[in-house]
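Reading through the structure tokens given below for one structure.
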């Protein structure tokens, strides 16, 4: 299943890059993320609660950032498994300067679910994935605004 999106941040690409690669921001803004522990540079163990339709579960897995080209792009890989099945997603985040000191973040990737969750929720997965991606970037935009407000005080 393909996932794509475009999100605008009112900040420089370096500022957006710093936000999108910050472990605290990743944990805070990833929907359902209960714990994120750095195990090596750009690799984290994660505990997440994910639900698709009536099926919900706790997943333990890994989040990795690969092929980093600061402050322009990186590949994000999310893998997890639990009693309800497995989730796997991989996508490329590309930052592009826009007029007026803004940065566009383009997301292109795909995801998979398996197990009980796939049997019940496969047809719902695309809508849920887009909703979760929207929540993630909306949270990141709010964190950016809060950082800017705190630094101007």
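The values are calculated or read from the model by the stated rules, or taken from the named source; none is laboratory data. Note that this is a predicted model, so its numbers are computed, not measured. Note: ideal-geometry Cβ built from the backbone for every residue, glycine included; neighbour counts use all protein chains shown.
Of the residues making up the range 6-17, those that are in contact with a helix residue (DSSP H, G or I) (Cβ under 9 Å, 6 or more places away or on another chain) and either outside any strand (DSSP E or B) or more than 14 Å from residue 139 (Cβ to Cβ) (or both) are 8, 10, 11, 15, 16.
Can you tell me which residue in the range 103-121 is modelled with the lowest pLDDT, limited to those that are surrounded by fewer than 17 Cβ atoms within 10 Å (Cβ to Cβ) and more than 20 Å from the chain's Cα centre (by Cα)? Talk me through it step by step, then tell me what you get.
If we filter the range 103-121 for residues that are surrounded by fewer than 17 Cβ atoms within 10 Å (Cβ to Cβ), which is where we start, we get 104, 106, 108, 110, 112, 114-116, 119-120.
When the remaining residues are screened for being more than 20 Å from the chain's Cα centre (by Cα), the result is 115-116, 119-120.
Numbers: 115: 84, 116: 80, 119: 73, 120: 65.
Looking at residues that are surrounded by fewer than 17 Cβ atoms within 10 Å (Cβ to Cβ) and more than 20 Å from the chain's Cα centre (by Cα), I get 120.
The numbered conditions (1) modelled with pLDDT under 85; (2) more than 17 Å from the chain's Cα centre (by Cα) are all true for residue 83 except (1).
Okay, residues lined up against (1) touching a residue at least 40 places away in the same chain (Cβ under 8 Å); (2) over 19 Å from residue 140 (Cβ atoms); (3) assigned to a loop (DSSP other than H, G, I, E, B):
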residue: 27; (1), (2), (3): no, no, no
residue: 36; (1), (2), (3): no, no, no
residue: 44; (1), (2), (3): no, no, no
residue: 48; (1), (2), (3): no, no, no
residue: 57; (1), (2), (3): yes, yes, no
residue: 66; (1), (2), (3): no, yes, no
residue: 71; (1), (2), (3): yes, no, yes
residue: 74; (1), (2), (3): yes, no, no
residue: 81; (1), (2), (3): no, yes, no
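Which one is modelled with the highest pLDDT among residues in the range 122-139 that are in contact with a strand residue (DSSP E or B) (Cβ under 8 Å, 6 or more places away or on another chain) and surrounded by fewer than 15 Cβ atoms within 10 Å (Cβ to Cβ)? Break it down stepwise before answering.
Taking the range 122-139 as the starting set, the residues that turn out to be in contact with a strand residue (DSSP E or B) (Cβ under 8 Å, 6 or more places away or on another chain) are 122, 124-126, 128-130, 133-134, 137.
Add one more test, that the residue is surrounded by fewer than 15 Cβ atoms within 10 Å (Cβ to Cβ), and what stays is 126, 130, 134.
On the way: 126: 76, 130: 86, 134: 93.
Applying the filter and picking the extreme gives 134.
Evaluating residue 142 against the criteria (1) closer than 25 Å to residue 45 by Cβ; (2) touching a helix residue (DSSP H, G or I) at 6+ places or on another chain (Cβ under 9 Å); (3) exposed (fewer than 15 other Cβ atoms within 10 Å of the Cβ) leaves one unmet condition, (1). Candidates 92, 47: the one that is surrounded by 15 or more Cβ atoms within 10 Å (Cβ to Cβ) and modelled with pLDDT of 95 or more is 47.
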